[in-house]
Structure formats: structure tokens, C-alpha cells
1. Could you grab me the full set of residues in segment 481-494 that are under 19 Å from Gly577 (Cβ atoms) and surrounded by 24 or more Cβ atoms within 10 Å (Cβ to Cβ)?
2. Please work out which residue is farthest from Asp480 (Cα to Cα), limiting yourself to segment 550-567 and to residues that are touching a residue at least 24 places away in the same chain (Cβ under 8 Å) and among the hydrophobic types (A, V, I, L, M, F, W, C).
3. Given the criterion surrounded by 24 or more Cβ atoms within 10 Å (Cβ to Cβ), away from the ligand (no atom under 14 Å from the Cβ) and not in a strand (DSSP E or B), identify the matching residue among Gly504, Gly513.
4. Tell me the residue from Glu207, Glu188, Glu150 that is among the acidic types (Asp, Glu), surrounded by fewer than 21 Cβ atoms within 10 Å (Cβ to Cβ), assigned by TED's automatic domain parsing to the domain that holds Arg99 and under 19 Å from Ser269 (Cβ atoms), please.
5. Within segment 118-167, can you find the residues that are part of a loop (DSSP other than H, G, I, E, B) and of a type in the set (A, V, I, L, M, F, W, C)?
6. For segment 66-87, give me each residue that is more than 16 Å from the ligand (Cβ to nearest atom) and either free of Cβ contacts under 8 Å to residues at least 24 places away in the same chain or out of contact with any strand residue (DSSP E or B) (no Cβ under 8 Å at 6 or more places or on another chain) (or both).
7. Could you check segment 238-254 and list, in sequence order, the residues that are of a type outside the set (A, V, I, L, M, F, W, C) and farther than 14 Å from Ser223 by Cβ?
8. Anything in segment 90-108 that is over 16 Å from Leu197 (Cβ atoms) and either part of a strand (DSSP E or B) or in contact with a helix residue (DSSP H, G or I) (Cβ under 8 Å, 6 or more places away or on another chain) (or both)? List them, or say none.
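The values are calculated or read from the model by the stated rules, or taken from the named source; none is laboratory data. What you see is a predicted model, and the numbers here were worked out from it, not measured in a lab. Every residue, glycine as well, gets a Cβ built from its backbone with ideal geometry; the counts of neighbours run over all protein chains shown.
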Amino acid sequence: MCPMSTIIRCPICGTPIHPDKMEYDHVCIEYGNRRFCFCSESCRKSFLEGPRIAYFSMEIAVANEIPTYSGGLGILAGDVVRSSADLRLRLIALTLVSRKGYLKQRITSKGEQLEYPDEWNPEKSLTLMPKNVKVRIEGRDVIIQAWLYEHQSFTGGLVPVLFLDTDVEGNVTEDRRITDYLYGGDDEYRLKQEIILGIGGIRILKELFFNVRKYHMNEGHSSLLTLQLLRDNDMDNERVRNLCVFTTHTPAEAAFDKFSYSTFQRIYSEDFPLDILKKYASADALDMTELGSNLSKYLNGVSEAHREYSMDHFPGHYIRAITNGVHSYTWTSTPFRELFDRYIPGWANEPIMLGRASQIPNNEIWDAHNKAKMSLFEFVKNKTYFEMDMKALTIGFARRSTAYKRGSLIFNSLERLRRIDSIGKLQLIFAGKAHTKDEDGKRIIKEIHQYMAELGDDVKTVYLENYDMDTAAKLTSGVDIWLNTPLPPFEASGTSGMKAAHNGVINFSVLDGWWVEGCIEGVTGWAIGAPSNMPITPAERRKRELEDIYNKLEYLIIPMFYYKRDDWINIMKNSIGKVAYYFQAQWMMRRYITEAYLL
Ligand SMILES: *Cc1c(COP(=O)(O)O)cnc(C)c1O
């Protein structure tokens, strides 16, 4: 554990506060249900009144027990909160309470996904804020309350997260359910949620006297906040543009949230001039991506490849790129935290120092890795009763199950997999949920189970149920190779490979999203197939990808893992020193601050 955790620090400037002097200096306050102490009156004032970045996201993963996330977007938002706290950035995050979570997944022996609500009670661990706001939906006033969660960093930094909730006495039953299911229900349900998040979010910030410097929309679900900002700024679009930052997370036009104007008018019962809305959100449908980006001065994609592609398919917008990162401390396993503490003290609060990983002795890297691998295998055994083989090359693949992620691609030739396994033992671990309505995603889970049955004991393969933060942390630290096979250009960034790199796990991935920037062939890991911007036919692309998967496994990866251990460990060290040091959320936030928030 970081020794800093025992010291009380000023949440604004990080100055250590001596326990004996706390009362004497009169800089302590009761706030929410807690007590905070500051080094000075000016820090106390800035804590209460200083302007903040308001970060809006439909999903935020603050902790494994709070199931208000479905995948990478929510994990990223959680990492934004965690690294902003490390930097003592004045940020407040807003999301929906999603009382029934995303979904709890069970899988039958035939590979059928079963779905259950993933309920949680904000009453148990969060603080109810003292004030409510209202928005008008379907002719009714809907009351919105907010639950406060606070993330505190070892540096003293504190980031509040507000979970908006319509399950309030006074609302009719239907309205009380609006904030139940993350990405659940139909179009109208989604639109209601987006009204609560965007318009309700701005109102609650004002009601609670939060002073805001910039509004950051993490994807288009919160774009309706611009309507409230326009109202509050005399419909002056330039003033609103100056206040807003928009981040897009997908290159797929089909994934952009759109609503018909007739639905919008039926659901949203407050006055807003339709001609003005159409000017920003496109004429034929309410397009949340258009709305958010037209009213933001700063617009960015989440990797260089994503930016390039979006610039071509998103005419009329100047798009910049801030490549995603992960929160280093959160995604580093205990054995590697201990190792880094010894060889790179200070890394947790300044992860760019991981660039010094090459000085760590090879045997210590290997020992730490084996501890993480053992811990993963215990986790697998507890969940599935499967015994994995500590000596075997272990490949991990875990992500949302959806068509473009192509979770079953590696099984294209079972023959080749068997042959590779006969050269050096191979085992595979999978995990991932499919959205309730994603039939392709469910089919892929089923296919993987069919291949598992066909392979039997030839290549040991397990599929872990209910992929969540804890499972992700175990998997990305305990396997030897982290595989990613998305169909270019659909992986806007991807972040699980960055978690792997923090633990010396080597990436073996299609050249799309962040890996285009992270991959140095044979130095930081290995590439699969042609770069995302290479103009080749889909069939040719697939052929090259399959060749790379099997040939590199057979001729490069397996021989190096089993017979050239030091070469292997050097790549592990490069994963840390050349990949993790850069693809971390603190660097990402430093970029948002200087490039977007200060603009
Ligand atoms: C990191 C993470 C993701 C994102 O992984 P990608 O490889 O970017 O798809 C999704 N789900 C969970 C639970 C995660 O921890």
C-alpha cells in the first residue's frame, strides 16, 4: 500500500496537514457527512466555491460493487475520476444511478447467455444531496434527486460523483423507473434518461451551487445539456461553445444516438424552439453527436486512428485526438505494485516514471508475473472448478461481446490451434457480456462454447461469467498474452490492452485504435493483420489477420515463451516501460486540461 495513504492532505493543494494543528488553524469543515481539513482559508474557499470541470457520462465505473457501467466507456469515466483526484483537478462527475445496473450474466453449458438485473442500493453507501430539481416529461414534472459518491486520492485530491435518480416519492411509478436500467428499454426510455442526465444534470449543479468552468460530454448521451446552457446564456451559441468539450468514442455512425423529432416533442414537455434545435442537431433527426459537437469548441476522438477515420467521415468538423489511458494504480496487480514501489518509488502518483521499468531485474519481473498468474488461476478455479496449468502459455480475451470485436476469430482453424498446442502448451481464458438486444454478441458467446466443446482437452479453454472490473483486473494481469481482434476501424481506442501492459502482459492485437500508436513490432508486442487505414478488401484483410494469428503464435510467440525466456521478459519490460508509461489516464487528463479545458 502507498505510504501516503496514512497522511492527511489538503484536498486542494496536497500540503500535509498535521493532526495536532487541525483545530488550531480553524480550517476544518463538515461537508456532506464528512469532515475536511485544509491548509489555509484560501484552499477552503476554493474547495467550496472554486470553478470545476463538470464531466457527464451515461456510465461510470467507480467501484466493482456499483454496477453502473457496461464496458470501456464507463471504465474510462471511472479512470477519469480517479486520475483527476490524483491530480487534484477540480472536477465533478455526473451520471445516472442505474439502480438495476447493466446486467448480471450467467451462461448455460450450451453457451446461452442468461440475464438478470444487477441491483444495488445507493442508500447503503452514498449520501443523498439535500436538494431536488425537476424536468417536464410527457406533461408531468419529474423530480430528480442526486446521490453523492466521493473518490479520494492518496494525494488528498477529492472528486465527487453525482448519481441522478428519479426513484423519488412524488413521481408516478413509470417515472420512478427511468433511472433503473443502464442502456435498457426502448428509444423513448433512452430519451427520457438523456433528458434526466443532460438537462437535469445542469439544473442540479446549479441548485447545489457548483460553479462550473467547462462541461465535458463523454459521448453524446448527455448532449441535451446544451439546451439548458443555451437557455441560461440567452441562446448565445458562441458562449455555449466556449463552455463545452465533446468526446466521441465510436467511429460507427450507427452507434450514434438519434431520435425522431416527433418522439422528442412527445416526450420532452418544456419549451425549446425547434428551429434552433434543428440548426445544431441536424434537420431530419435529433442527432446527439451533431448536437454535442456543434456546440463544443473542443471536439476529440480517442486515438489517432479514430481521429483520422472520423475526420474523413464527419465532414465539417475539426476533430482532435486525445488517446485514452487507464488509471495505473487501479489496474496494476499487487505483485507489480510492490515491485514498482521498490524500483520506481513514486510511480503511482506519476505513472510516466514507469518509463524506467528496464532497470528492474528480469527474475523479479518473472516472479511478480507468476504471482499474478497464480492469483488469476485461483480466481478461475473458484469460479469454474477448472485447474489451469501454470506452465502453459495463457492467452486472455475479454471484452463486451459484440460483432466487431470478433471474439471467436482465433478459433477459425482448430487444426492450427491443435498443432500450435503440440509445439508448446496453450490455454485460453475468455469473458464478456453481450447486450440484451445484441443477437450477434450472444451468438459469438455460443460459438466460443461450441469450439470449447469441440477442442475438449486439446486446448484448455474457459469462459468466465459476468465480466466486471474485478474480473478484468485479474485477467489483464494474470495471462501471458492479451489478445484483441476487432474489425478495423471500429475499435476507436480500446483500453484493456493498456491494463495488460501495466502488468507486463504482452499485447497481440489487430492494428486498430490505441494499438496503432502502442505497437512496435517485436519490441512492445505483436501486430495482427494490416493497419486500419490500409486500403485492402475485407477478404484480404481477414486472410492476413488469420495468417498472423497462427503464424506468429507458432513461429514467434510459442518458441520465445518456452525457449527464450529473457527475450520474452524484455518484451514484458517494454510493455511497462514503453506502453504503460504513456497509455495511462493521468497523462490523458494532463492533455485534457492543457488542450481542452484551458482552450
Ligand atoms: C477495461 C474494461 C473494458 C474495456 O475493454 P476494451 O478492451 O477496451 O474493450 C470493458 N469492460 C470492463 C469490465 C473493463 O474492465
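1. Hit for segment 481-494 is Trp482, nothing else.
2. Leu556
3. The match here is Gly504.
4. Going through Glu207, Glu188, Glu150 in turn, just one is among the acidic types (Asp, Glu), surrounded by fewer than 21 Cβ atoms within 10 Å (Cβ to Cβ), assigned by TED's automatic domain parsing to the domain that holds Arg99 and under 19 Å from Ser269 (Cβ atoms): Glu188.
5. Listed by number, the residues that qualify are Trp120, Leu126, Met129, Phe154.
6. Asp86, Leu87, listed by residue number.
7. Glu238, Arg239, Asn242, Thr250, Pro251, Glu253
8. Those that are over 16 Å from Leu197 (Cβ atoms) and either part of a strand (DSSP E or B) or in contact with a helix residue (DSSP H, G or I) (Cβ under 8 Å, 6 or more places away or on another chain) (or both): Arg90, Leu91, Lys104, Gln105, Arg106, Ile107.
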